[in-house]
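These notes concern the structure reproduced below.
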C-alpha cells in the first residue's frame with residue numbers, strides 16, 4: 001500500500017507575513033474611503049484576484065477564534081467568542097457506541113492516549129461562501145477508529161455535539177434540532193485527511209472552535225465538522241444529520257465542496273477568503289480531489305450534494 | 001428655527017452609521033470579515049432609512065404635526081445613498097466588477113435579483129426627488145413614487161433571504177413593513193379618496 005502524502009501548501013504560494021499585513025492594512029484603508037471612487041475600486045479589483053491566486057497565508061488566529069459558526073452559542077459568527085465564558089471542556093468524556101467491539105464511555109485523555117498529534121494546515125470552506133486557511137493540530141480520525149475496532153457492520157460513523165443549554169445559550173432556542181449530529185461514511189472517515197482536532201496554531205482548542213474535540217474534513221463544507229463531540233457512534237444505516245434535516249434542499253449528507261453545485265440561494269463557484277476583499281475560485285473537493293475523489297467514483301455529485 | 005434644527009439633527013443622525021463604518025475601516029477595526037461588515041452595515045442602514053422614510057406619513061397623520069414632512073425627501077435620499085454604497089461594495093469589493101459573475105449571480109439567485117430591482121427603484125425615486133422634477137412630472141410624480149412600496153417589499157425579502165436560519169430579525173422588520181403599508185391600505189380603504197403619500 002502506498003504511503004499517504006499529506007498535501008502541503010507550497011512555500012512559494014505563501015506570502016511573507018509582513019507583506020500580507022501591509023497589504024491588508026492598505027486594503028482596509030482603501031475600503032475606508034468608501035462611498036469610494038470607482039477608480040480605486042477598479043484598481044483594487046484588478047490587482048486583488050491575481051494576487052490571491054498566487055498567495056496564501058494562514059488566517060490570523062484572532063479571526064479563526066472570533067468568526068465562528070457555532071449555533072449552540074449564537075447564530076452571529078462574531079458573537080460566539082463572547083458567549084463561551086461558562087463553557088467547561090474539562091473533564092470531558094466521549095461515549096463510543098454502536099457497531100463497535102467494546103462500547104464504552106472514554107475519558108478524553110484515554111481516548112487519545114499515545115496517538116501523535118499532527119500539524120496540518122488545511123483550507124476551510126464554509127457553505128456560506130467564505131474560507132480560511134487554518135493551521136490545525138489533530139489526530140487522524142483513522143487512528144482513533146482503528147483503536148475503537150468497529151465491527152464489519154459499521155458503515156457510517158456519527159458524531160454528536162454536547163447538549164447542555166446551561167453552557168450553550170444558543171441551545172435554548174430551537175434554531176436547529178439539538179443536539180447537533182454529523183456523520184461520515186466509514187471509508188470517508190478512514191481517509192487520512194479526516195482529523196479529530198485538539199488545537200489550532202499549537203494552542204489548545206478554544207470553546208468557540210469546538211473544544212475539546214472536533215471533526216475536520218477539509219474537502220467538505222465546514223458544517224460537517226461536528227464540534228465539542230461527546231458521542232461517537234458506529235452505525236449500519238446513514239444517520240439523519242442536523243443540517244440535512246433542517247433544509248434538505250440546501251444541505252446534503254455528503255456536502256463535498258463543489259463549485260459546480262450552487263446553494264439554492266448563492267453561488268458556490270467562488271469564495272471570499274476571510275480578511276481579504278475580492279473572490280477566489282472554489283476548487284472541487286476544496287482542492288483535495290487527489291486525496292478524496294476516488295471515494296465518490298460512480299456517484300452523481302449533483303444528486304449527492 | 002426649530003424645524004431647521006430638527007432637519008439638521010436628523011441629517012447628521014443619518015450620516016452617523018456611515019461615519020462610524022468609515023472610522024472603523026480607517027482604524028482597521030472592521031472585524032475578521034471587513035467586507036461583510038461594510039456590505040451588511042450599509043445595507044442594513046439603507047433598509048432602516050427606507051423604513052424611516054415610510055414612517056413619516058403615518059407619523060404625520062397620527063400626530064397631525066405637518067412640518068415632519070420636510071424630513072421625508074432627505075431620509076429617502078439618505079436611503080438611496082446607503083443603497084449606492086451597499087451595491088458599490090457588492091460590485092467592487094465582493095464581485096471585483098466581474099460582470100459575467102454578477103449577471104449570473106443576479107439571474108440565479110432571487111436574493112440578488114430582488115436586491116438589484118429594489119436598488120433600481122430607489123435610484124429612480126432619488127433621481128426624481130428634486131423640486132424641479134416634482135414640478136415637471138406633476139401628477140405622475142405621485143404615481144411614480146408609489147414604487148417605494150414595491151421597493152420595501154423587495155428589500156424585506158432580500159434581507160430575509162440572507163438569513164440562514166434565524167428568522168427573528170426578518171420577522172421583526174417584516175412586521176414593521178406590514179404595519180407601515182397596512183396603515184396606508186387602511187386609510188385608503190376607510191377614507192376612500194385621500195391618497196396616501
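Residue-by-condition table, conditions (1) away from every other protein chain (no Cβ under 13 Å); (2) buried (at least 18 other Cβ atoms within 10 Å of the Cβ); (3) not in a helix (DSSP H, G or I):
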site	(1), (2), (3)
B:40	no, no, no
B:46	no, yes, no
B:56	yes, yes, no
B:62	yes, no, no
B:71	yes, yes, no
B:84	no, no, no
B:92	no, yes, no
B:96	no, yes, yes
B:102	no, no, no
Is it the case that some residue within segment A:255-265 is more than 11 Å from chain B (Cβ to nearest Cβ), touching a strand residue (DSSP E or B) at 6+ places or on another chain (Cβ under 6 Å) and part of a strand (DSSP E or B)? yes
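Looking only at segment A:104-115, filter to residues that are in a strand (DSSP E or B) and in contact (Cβ under 8 Å) with a residue 12 or more places away in the chain; which one of those is farthest from the other protein chains (Cβ to nearest Cβ)?
Residues of segment A:104-115 that are in a strand (DSSP E or B), as a first pass: A:104-107.
Checking the rest, the ones that are also in contact (Cβ under 8 Å) with a residue 12 or more places away in the chain come to A:105-107.
Numbers: A:105: 32, A:106: 32, A:107: 34 Å.
Taking the candidates together, the pick is A:107.
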Across (1) within 11 Å of chain A (Cβ to nearest Cβ); (2) in contact with a helix residue (DSSP H, G or I) (Cβ under 6 Å, 6 or more places away or on another chain); (3) part of a helix (DSSP H, G or I), residue B:115 clears everything bar (1)
For the condition touching a strand residue (DSSP E or B) at 6+ places or on another chain (Cβ under 6 Å) and modelled with pLDDT of 95 or more, what is the one hit in A:184, A:193, A:163? A:184
Return a yes/no flag: does segment A:255-277 have any residue that is more than 20 Å from residue A:61 (Cα to Cα), touching a helix residue (DSSP H, G or I) at 6+ places or on another chain (Cβ under 8 Å), without any contact (Cβ under 8 Å) to a residue 60 or more places away in the chain and crowded, with 21+ Cβ neighbours inside 10 Å. yes
Per-region count, segment B:16-38, residues more than 7 Å from chain A (Cβ to nearest Cβ) and without any contact (Cβ under 8 Å) to a residue 12 or more places away in the chain: 7
Mind listing whichever residues of segment A:172-181 are under 15 Å from residue A:69 (Cβ atoms) and either away from chain B (no Cβ under 13 Å) or in contact with a strand residue (DSSP E or B) (Cβ under 7 Å, 6 or more places away or on another chain) (or both)? A:180
Could you tell me whether residue B:163 is under 27 Å from residue B:22 (Cβ atoms) and touching a strand residue (DSSP E or B) at 6+ places or on another chain (Cβ under 9 Å)? no
Of everything in segment B:1-15, what is surrounded by 16 or more Cβ atoms within 10 Å (Cβ to Cβ) and within 14 Å of another protein chain (Cβ to nearest Cβ)? Give them in sequence order. B:14
Considering A:128, A:97, A:149, A:118, which residue is touching a residue at least 24 places away in the same chain (Cβ under 8 Å), within 19 Å of residue A:209 (Cβ to Cβ), surrounded by fewer than 21 Cβ atoms within 10 Å (Cβ to Cβ) and over 14 Å from the mean Cα position of the chain (by Cα)? A:118
Return yes when residue A:82 is surrounded by fewer than 20 Cβ atoms within 10 Å (Cβ to Cβ), at pLDDT 95 or above and either more than 9 Å from chain B (Cβ to nearest Cβ) or touching a helix residue (DSSP H, G or I) at 6+ places or on another chain (Cβ under 6 Å) (or both) and no when it is not. yes
Are any residues in segment B:151-189 outside any helix (DSSP H, G or I), over 19 Å from the mean Cα position of the chain (by Cα) and surrounded by 13 or more Cβ atoms within 10 Å (Cβ to Cβ), and if so, which ones? B:164, B:166
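The values are calculated or read from the model by the stated rules, or taken from the named source; none is laboratory data. Owing to the predicted nature of the structure, the values given are computational and were not obtained by experimental measurement. Because the Cβ atoms are built from the backbone with ideal geometry, glycine has one as well, and the counts that use them run over all protein chains shown.
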